[in-house]
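Read through the structure below, which is laid out as structure tokens, and then see the notes.
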Amino acid sequence: METVLQTFELTKAYKTHKAVDSVNLTVRKGDIYGFLGQNGAGKTTTIRMIMGLIKPTAGEVELFGKKVTAKDTDHLERIGTIIEFPGFYPNLSVGENLEIHRYLMGMPDRKVVDESLELVGLQNVKTRKFSKLSLGMKQRLGIARALLHKPELLILDEPTNGLDPAGIKEIRRLILDLAETRHNTIMVSSHILSEVQLLAKRIGIIHQGRLVKEVDIEDIDKFNQHYLELKVKNDRKAVYVLEQKCNIKRYRMVDQGVIRIYEQLEESALLNRMLVQDGVEVSEISLRKDSLEDYFLNITGGTTDG
Ligand SMILES: Nc1ncnc2c1ncn2[C@@H]1O[C@H](COP(=O)(O)OP(=O)(O)OP(=O)(O)O)[C@@H](O)[C@H]1O
Ligand SMILES: [Mg+2]
């Protein structure tokens, strides 16, 4: 599979603090890549380095198969981006704002303004002042501007930030649509796992500057693991019974009195009976699943609903 964007040990240090620490991420052609991390994790800093807006302390970026150097900026024409809040002139109309951008970017074709507005569904508010737009419309205008020069790779930094659920859904539909109809490769950052999961083909989780996980959505089921969780009074005795009498080998003590069993999941009643028969007090036995969400919560200690 062709790789559109790759970073190699990409690092940005501010004084001694590493905002981004040895990040190796891979975005493949045609993918929607969800770049997930809580506030301050290093998402924007990573994106800024990819775009050449700030200089890495160490490491490299490769775009469209070529290592990026400060001198060679041709690849930037193939990328469209919104980073944090896109700036617009509040007193000018939607169309005028895009027109200015088109002019400044040296794009001779005037049609691109209307085409972009149509792509994001803003054709009916072309004459409306920017300041009169809803937040969701402003975000879509940001995306319209990023699309103006028909980029292959779109990098959107938290495009749903501050939107209500309906607005979030609209942006999600737009992103999916762009990937499907225009075959854009899209990297989209977010701090909300559930949202990224609905969009992305691949997810990279960044935490305290480090890319702690990169996983394909289709592998998430493999990642999800079912287990029986037992809460017992006497865990040493419980382990003895499980191993010797129930023939269980795949288990793990996760806490004092808490045991996770990864086999014979359908035998919870039997296991319970065997343990009780041998005098082990079982206060709880339940079937559970570790999801990416649990993983994300565990490493970030955050919430998933924003
Ligand atoms: N110019 C700077 N000088 C010093 N520290 C910085 C600078 N820019 C970012 N940082 C720090 O780097 C870390 C990562 O910041 P970054 O903006 O990349 O996070 P983020 O994942 O985009 O967060 P958010 O979800 O809040 O946008 C933070 O600890 C931040 O305070
Ligand atoms: Mg950010």
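Which loop-located GluC sites (Glu not before Pro) does segment 54-94 contain, where loop means any DSSP state but H, G, I, E or B and the Cβ has at most 14 other Cβ atoms within 10 Å? Of the GluC sites (Glu not before Pro), the ones in loops of segment 54-94 whose Cβ has at most 14 other Cβ atoms within 10 Å are E84. Between Y240 and K67, the modelled label-to-label distance comes to 6.2 nm, taking each label 7 Å out from Cα in the direction of the beta carbon. Between L198 and Q256, the FRET efficiency from the beta-carbon distance, with R0 = 30 Å, is close to 0.20. Annotation for I220 and S268: the two label points, set 7 Å from Cα along the Cα-Cβ direction, are 2.4 nm apart. Taking a span of 20 Å or more along the helix axis (Cα atoms) and a mean Kyte-Doolittle hydropathy of at least -1.0 as the rule, the DSSP H helices of the chain that qualify are 165-181. Packing around the peptides 151-158, 42-49, taken as the average count of other Cβ atoms within 10 Å per residue, puts them in this order, highest first: 42-49, 151-158. Working ranking of peptides 175-181, 91-97 by packing, defined as the average number of other Cβ atoms within 10 Å per residue, highest first, is 91-97, 175-181. Taking 11 Å as the cut-off, the amide N atoms of segment 191-215 that come nearer than this to a point 7 Å along the Cα-to-beta-carbon line of E293 belong to 193-195. If the segment from N247 to D278 were pulled out straight at 0.36 nm per residue, it would be longer than the present Cα-Cα gap by 9.7 nm.
For the pair D74 and T127 in one chain, pulling the backbone fully straight at 0.36 nm per residue adds 15.8 nm over the alpha carbon distance. Counting only residues at least eight positions apart within a chain, or on another chain, the lysines with an alpha carbon under 27 Å from that of K55 are K12, K15, K18, K29, K43, K66, K67, K71, K150, K213. Here segment 141-167 is scanned for amide nitrogen atoms under 19 Å from the site 7 Å beyond the Cα of L92 along Cα-to-Cβ, giving 141-150. GNM remark for the chain: springs join alpha carbons under 10 Å apart, and the peak mean-square fluctuation among H207, H17, H191 falls on H17.
Since every read-out is calculated from the coordinates, none of them should be taken as a lab result. Because the structure is a prediction, the values reported are computed rather than measured. When we count neighbours, we look across all protein chains shown, and the Cβ atoms used for this are built from the backbone with ideal geometry, even at glycine.
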